[in-house]
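Undergrad: Can you read through this structure? Questions will come right after.
Derivation of every value follows stated rules applied to the coordinates shown; laboratory data play no part. Quick caveat: nothing in here was measured; it's all calculated off a predicted structure. Cβ atoms come from the backbone with ideal geometry, glycine included; neighbour counts cover every protein chain shown.
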Amino acid sequence: SDMGELHVCSVLVTGANRGIGLGIVRQFLGLPNPPKWRHPKGQRAQELQNLASKHPNLVIIPLGRCPEVGVCRPSSPLCLAPRPPAALALNLLINNAGTAKAKSLDNETLENMSQTYTTNTTGPLLLSQAFLPLLKKAAQESPGSALSCSKAAIINVSSAAGSIEEVYLWDYGQVISYRCSKAALNMLTKCQSLGYREHGILCVALHPGWVQTDMGSSGSQKPPVTVDESVRGMLEVFSSLSEKETGTFLDWEGKVVPW
């Protein structure tokens, strides 16, 4: 489908300081009708700040943990600083931020499991809760229209590594905490699709492919997909998503990934 069909006024992308997140921001900036507001996550991100200096509609919102309970404690609640403008209606929340620890089944730890789950599963849950009022507002502003990314949507960037049927790239790396957290993220996506359908919000889990990023390229083999290829594919998928795809697990080419 034509990416021109994707008409969003506001997008929030987490983990936008590098890799896939930064690629998503670049692609949105290059659309014929770019969003009026974009809220990527990232504080010390030079490339992102360079983009923000050229595009006044690109706003950087640092997201972190409450300072009074410490930065690294998994139990600390997520803070939003500064708060998003109350008048803003958010069309598209892309929960892209993620982490991975290269641990095998025999040396996986409680700490890694907790930290990875906090970032990859609990983070998307809390962000979706925090921005739900703005997503609802966007959905209400296009009454009667079917579910779509142009109306209101949550995209959880998952991984086929979390597919229980596929167990993608097992021989490349066991990465137990990452796989478990992404399987849990897939269930979260299904739950969100059921809970938020009545509000007009579409929810999809998306596998971006094995991409040439700092995280994806940490092993001995070179991933087959470039950031640009992955993100172009994902934006094509965004533009084609409809009611029948809510609560599904798809890849960057729009193919169904087995749970």
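Undergrad: Setting aside same-chain residues fewer than 8 positions from residue 222, which lysines have a Cα under 28 Å from its Cα?
TA: 41, 101, 103, 182, 255
Undergrad: Further question: Peptides 150-159, 94-103: what's the order by average Cβ count within 10 Å, highest mean first?
TA: Ranked by mean Cβ neighbours within 10 Å, highest first: 150-159, 94-103.
Undergrad: Okay, next question. By average Cβ neighbour count within 10 Å, what is the ranking of 136-149, 177-190 from highest down?
TA: 177-190, 136-149
Undergrad: Still on this model: Which lysines have a Cα less than 16 Å from the Cα of residue 54, not counting those fewer than 8 places away in the same chain?
TA: Result set, ordered by chain and number: 36.
Undergrad: If each of residue 104 and residue 256 carries a label point 7 Å out from its Cα toward its Cβ, how far apart are those two points in nm?
TA: The answer from the label model is 3.6 nm.
Undergrad: Can you tally the net charge around residue 209? Count Lys and Arg as +1, Asp and Glu as -1, for every other residue whose Cβ sits under 10 Å from the Cβ of residue 209.
TA: Residues close to residue 209 contribute a combined charge of -3.
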